[in-house]
Amino acid sequence: MTQEMSRARRLVAEAGRVVVLSGAGISAESGVPTFRGEGGLWRSYRPEELATPEAFARDPRLVWEWYAWRRELVASCIPNAGHLALARFALAGTPTAIVTQNVDGLHTRAAEEAAGTGDPSPALPIEVHGAIHRDKCSGCDARTPALPEVDVSSPQALPRCAECEGMLRPDVVWFGEALESEVVAHAFRVAHEADLCLVVGTSAVVHPAASVPLATLQNGGTLVEVNLERTPLTGQAEVTLLGPAGELLPELLAG
Ligand code: OAD
């Protein structure tokens, strides 16, 4: 075991309350593409054409086509050892809150798998960027589980709200949109209460999510980071573990 891993394990063991901030990197080993860096979605696609309210107003069919593809991709993926290690840790005793920027639902699936017939709720994530497997009405904001299939053959075929006939859209936060204020407040509250923040697989460049760990620091807590590479938060981390989350988290969080 490396010295950094021993130090990080000690910090975890001593923590009274933990918050986790996860990003796309934690799902990379499940086969979900990240956004930035090698193979990242924003290398091949332009966010302003796919993940903005303006893009949806201009060409809802194209936006739906892209999200239908991502939904299918995510549905074919399963939680990896990193998601499961976090879920088991959150269920095991130390009060832990998992804040995620991911919309892929893999933390939820890991929580359900780790809890078995028990209660998964201590390991369920606070999803600050929404959830790809949910729809939202762009008229009345009503949320519904994602339709099993979206017909993207023409703009007329796209799904509409059963209540108000407004256009349905995936319930994810797009560039230029505000996050749900209650969800963000919840994330910052748990970060403020924690004495250890574990930052996993995020480039830490998209705010306000990237500021969540700062709430723990402001309260006198410490950061432990797990990433393949250094990030803007690395300078403020007590320990940075460089490597894949699916390998490092089980070692870090094993009792
Ligand atoms: P990014 O794609 O920006 O960053 C992924 C991070 O994960 C990078 O720092 C990688 O080094 C790291 N990484 C990759 N594979 C890893 C692995 N196996 N183990 C550990 N780390 C790994 O993803 P996010 O930071 O999540 O927003 O991006 C933030 C937001 O930007 C997303 O939520 C999305 C995007 O635009 C919205 O859709 C609103």
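The values are calculated or read from the model by the stated rules, or taken from the named source; none is laboratory data. Small disclaimer: the values here were computed from a predicted structure and weren't measured. No Cβ is skipped: glycine too gets one built from the backbone with ideal geometry, and neighbour counts run over all protein chains shown. Heavy atoms of the whole protein, side chains included, go into the accessibility calculation; ligands, DNA and RNA do not. Shrake-Rupley method; radii C 1.70, N 1.55, O 1.52, S 1.80 Å.
Is it the case that Ala162 is within 16 Å of the ligand (Cβ to nearest atom), out of contact with any Asp or Glu (no Cβ under 9 Å at 6 or more places or on another chain) and free of Cβ contacts under 8 Å to residues at least 40 places away in the same chain? Even if it seems obvious, please write down each step before you answer.
Numbers: within 16 Å of the ligand (Cβ to nearest atom): no; out of contact with any Asp or Glu (no Cβ under 9 Å at 6 or more places or on another chain): yes; free of Cβ contacts under 8 Å to residues at least 40 places away in the same chain: yes.
No, not satisfied.
Does Gly23 satisfy the condition of being surrounded by 14 or more Cβ atoms within 10 Å (Cβ to Cβ), within 10 Å of the ligand (Cβ to nearest atom) and assigned by TED's automatic domain parsing to the domain that holds His207? Walk me through how you get there before you give the answer.
On the way: surrounded by 14 or more Cβ atoms within 10 Å (Cβ to Cβ): yes; within 10 Å of the ligand (Cβ to nearest atom): yes; assigned by TED's automatic domain parsing to the domain that holds His207: yes.
Taking the combined requirement at face value, the residue satisfies it.
Specify the residue that is nearest to Ala28 (Cα to Cα); the eligible residues are those in region 243-252 that are open to solvent by 20 Å² or more (accessible area, probe 1.4 Å) and more than 9 Å from the ligand (Cβ to nearest atom).
We begin by selecting, within region 243-252, every residue open to solvent by 20 Å² or more (accessible area, probe 1.4 Å); these are 244, 247-248, 250-251.
Within this subset, residues satisfying the condition of being more than 9 Å from the ligand (Cβ to nearest atom) are 250-251.
Numbers: Pro250: 16, Glu251: 18 Å.
Among residues in region 243-252 that are open to solvent by 20 Å² or more (accessible area, probe 1.4 Å) and more than 9 Å from the ligand (Cβ to nearest atom), the one nearest to Ala28 (Cα to Cα) is Pro250.
Rundown of residues vs (1) within 11 Å of the ligand (Cβ to nearest atom); (2) in contact with a strand residue (DSSP E or B) (Cβ under 6 Å, 6 or more places away or on another chain); (3) touching a residue at least 60 places away in the same chain (Cβ under 8 Å), yes/no style:
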site	(1), (2), (3)
Arg7	no, yes, yes
Pro33	yes, no, no
Arg58	no, no, no
Trp64	no, no, yes
Asn80	yes, no, yes
Tell me, please, whether a residue that is within 16 Å of the ligand (Cβ to nearest atom), farther than 24 Å from Phe175 by Cβ and outside the structural domain of Ser153 (by TED's automatic domain parsing) can be found in region 99-107. no
